[in-house]
Structure formats: C-alpha cells, structure tokens
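Report on one structure; see the data block that follows.
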Amino acid sequence: MAMGVRWVQKVSSTRGFARVAPYVLPALDRGVHRLTRGKVLLSARLLPGLVLTSTGARSGLPRRTPLACMPEEGGNSWILMGSNFGRPGHPAWSHNLLARPDAEINWQGEDIAVTAALLRGEERAAVWKAVVEFWPPYAAYQRRVEREIRVFRIVRERAER
C-alpha cells in the first residue's frame, strides 16, 4: 500500500497531472458523490475529502466543489488548500470563501454548516508544515507557482444557541 501511495504522490506532483486533473477529478467526484447520495467520494480513497458548497462571490449561486482536506483533531475543523493542482491562479472556491465565508460541507455523508477563515502568518506557516507532511505533493505545487497557496480552516458552526 505504501508503495502505491508514493506512486500516486509522485504522479500527482507532475505538471501533466496538473493540466488534466482539474477537469477530470472534480467532475468524476461530483458524479459519483451524487449517485451514491453522498456516501462515496472517489478522491477520498487517497486523501480525506469533502464536498464544499460555497456561495459564488459574483453570482450568489451555490457552487459544489469536491476537495481534498486535512481533518483536524476533534472532528470540528478541516484544512483546505487552494493549491489548484499547482496551476497559476487561485481556485474559484477560494475566492468564494473570501467573499462569503459561511458555507456547507458534506463530510462522510453528513451535511455540516461551516465558517471559513484564511490562515496567515505564523498560523499559516505551522499548518502548511503539517499539510506538506500530510501530503508531500503540496510542496511541489507551491514550488511551481509564484502565488502563495491559500490555506483555509473551516470550522463547524455551533449548534443553535
């Protein structure tokens, strides 16, 4: 298994993967997630994954995006990396969260209201170190782009007060 994971990490670090993956993987994930009523997310077989429903920054419409994530201890927060597979621009979902941080995720079949915060400074640096240990291809993505990859912490909203 470890050898298979290393191979996937190596492939996912390549420029070729970055050209193809943004078109193929999210569409495949959305389709399978819909067909299984939220029970299966193919990309989550390699990395933990969720489906983010954000509100379009300009359109105001709901936007569903399958994303890899790094769950944090306690089960109430997740880290999202705006790597865009190491491509130049920030992903659209990250613009949406900056404009409208209240969102929803589907995590392991459960719909959860969340609030997103962009991490900066020392907090971002500490989380980035953990992210790269968690999935080393993120370091390759960062080396390929001039922009700083956005890192968000999304936190489960509290129950009704």
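Note on the stretch 47-92: residues that are among the polar types (S, T, N, Q) and either under 18 Å from Val131 (Cα atoms) or touching a Gly at 6+ places or on another chain (Cβ under 6 Å) (or both) amount to 4.
Taking the stretch 28-75 as the search range and keeping residues that are outside any strand (DSSP E or B) and polar (S, T, N, Q), which one is modelled with the lowest pLDDT? Filtering first and then ranking leaves Ser43. If the condition is being among the basic types (Lys, Arg) and exposed (fewer than 13 other Cβ atoms within 10 Å of the Cβ), then the stretch 105-144 contributes Arg120, Lys129, Arg143. Considering Ala130, Ala139, the condition of being out of contact with any helix residue (DSSP H, G or I) (no Cβ under 9 Å at 6 or more places or on another chain), of a type outside the set (Lys, Arg) and either without any contact (Cβ under 8 Å) to a residue 40 or more places away in the chain or at negative phi (or both) is satisfied by Ala130 alone.
The values are calculated or read from the model by the stated rules, or taken from the named source; none is laboratory data. Note that the structure is a prediction, hence the values are computed from the model and not measured. Positions of Cβ are backbone-derived with ideal geometry, glycine not excepted, and every protein chain shown enters the neighbour counts.
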